[in-house]
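The values are calculated or read from the model by the stated rules, or taken from the named source; none is laboratory data. Bear in mind that the values here come from a model prediction, so they are computed numbers and not experimental data. Positions of Cβ are generated from backbone atoms using ideal geometry, with glycine treated the same way; all protein chains shown enter the neighbour counts. Surface accessibility is based on the protein's heavy atoms, side chains included, excluding ligands, DNA and RNA. Shrake-Rupley method; radii C 1.70, N 1.55, O 1.52, S 1.80 Å.
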Amino acid sequence: MIDIKLSIPAANWKANLTFEQAVNWINYMETNVSRIIIDYQEYIKLIAGVPYVYIKPLKDISKRVKIYAQNMSHVLKGAYTGEITIIMLKSIGCDGVILGHSERRNIFNETDELINKKVLLCQEHNMPFILCVGENLEQRRKGIAFEVIKNQIDLALKGFNKFELMVLAYEPVWAIGTGVPMEISDIKEAASFIIDYLRKNYKEVPVLYGGSVEENTAYFATFKTGLSGVLVGSKSLDPIEFERIVTLTFSGVNNLQFDKEHFET
Ligand code: PEP
């Protein structure tokens, strides 16, 4: 048997989809998937980052999809009106959480220190997480992208050592939601820097690319780049489109040819 690698296609719905649409999305992933997804399901970690209020009902109907929160509180419990804590997420069977997304950092002013608190809560409570890092356009233009990424990783991971819980998502902020993904050659360069940095200073963990991912990017960003998958925003909302991204991510990670046979059901 050839050595098959784990691929991680992750959807981030953000503040989108009605509950009915969300249920249809999960049902689609449970039933209308390609031969590849069925045959290699144990090598495909299919994740959906969903709104808090959908976590429990979607967990109840989904077998193939891991249901993640898109955020969580940095506090454990107490007088913090409106917060959703890791204890609450664990108590409804949530499979994991996305931390440090650039929209949380930029719109809701989340700092590296705050993200570190959340990472340490995940460690303490054994909660899998996807840690998002990435430079903005100004930082890229100044040539300090890798410095920024390194810094975000170091600050988020202070005191952390349970690497089996962690996936890292590299998401250049300037490529998120713009419809223009990073050039594949640049993705490859950033991937090799991040993978190397983690291996030398921490541990080898799966690394994803995120930023305007569509079908082509899902394949070429994972084909011989060392990346394990993709984190997808807008193109994850349509289950038909995302199912193709799942198949192509597996194909890219495993160096398979990009051809239409993959999509047969
Ligand atoms: C994201 O939300 O993590 C993301 C990458 O969004 P988009 O695919 O829409 O750029």
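So the values come out like this:
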item	result
Close pairs from region 212-224: first closer than 19 Å to Asn12 by Cβ, partner surrounded by fewer than 19 Cβ atoms within 10 Å (Cβ to Cβ) and among the hydroxyl-bearing types (Ser, Thr, Tyr), Cβ under 6 Å, at least 6 apart	Ser212/Thr178
Of residues in region 169-192 being open to solvent by less than 10 Å² (accessible area, probe 1.4 Å) and away from the ligand (no atom under 13 Å from the Cβ), the one nearest to Val205 (Cα to Cα)	Ala191
Among residues of region 8-23, those that are closer than 18 Å to Glu171 by Cα and open to solvent by less than 40 Å² (accessible area, probe 1.4 Å), counted	6
Those residues of region 41-63 which are touching a residue at least 60 places away in the same chain (Cβ under 8 Å), not in a strand (DSSP E or B) and not charged (D, E, K, R), in sequence order	Tyr43
Residues of region 64-101 satisfying the condition of being under 22 Å from Trp13 (Cβ atoms), free of Cβ contacts under 8 Å to residues at least 24 places away in the same chain and of a type outside the set (S, T, N, Q)	Gly82, Glu83, Met88
Residue within region 226-239 that is closer than 17 Å to Lys45 by Cα and among the hydroxyl-bearing types (Ser, Thr, Tyr) present	yes
Test for Leu165: is it touching a residue at least 40 places away in the same chain (Cβ under 8 Å) and either in contact with a Gly (Cβ under 6 Å, 6 or more places away or on another chain) or away from the ligand (no atom under 16 Å from the Cβ) (or both)	yes
Subset of region 43-53 [under 18 Å from the mean Cα position of the chain (by Cα) and over 14 Å from Phe242 (Cα atoms)]	Tyr43, Val50, Pro51, Tyr52
So Glu138, is it more than 26 Å from Ser236 (Cβ to Cβ) and acidic (Asp, Glu)	yes
Number of positions in region 112-158 that are away from the ligand (no atom under 16 Å from the Cβ) and either of a type in the set (Asp, Glu) or within 18 Å of Ile84 (Cα to Cα) (or both)	19
Matching residues in region 205-257 - criterion: being aliphatic (A, V, I, L, M), outside any helix (DSSP H, G or I) and buried (at least 20 other Cβ atoms within 10 Å of the Cβ)	Val207, Leu208, Val213, Leu227, Val230, Leu231, Val232
Residue in region 147-155 that is over 19 Å from Trp174 (Cβ atoms) and of a type in the set (Lys, Arg) present	no
Matching residues, region 25-68, being open to solvent by less than 10 Å² (accessible area, probe 1.4 Å) and touching a Phe, Trp or Tyr at 6+ places or on another chain (Cβ under 6 Å)	Ser34, Ile47, Gly49, Val50
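Conditions tested, residue by residue: (1) outside any loop (DSSP other than H, G, I, E, B); (2) over 29 Å from Arg105 (Cβ atoms).
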{"site": "Leu17", "(1), (2)": "no, no"}
{"site": "Ile26", "(1), (2)": "yes, no"}
{"site": "Val33", "(1), (2)": "no, yes"}
{"site": "Ile36", "(1), (2)": "yes, yes"}
{"site": "Ile67", "(1), (2)": "yes, no"}
{"site": "Met72", "(1), (2)": "no, no"}
{"site": "Gly82", "(1), (2)": "no, no"}
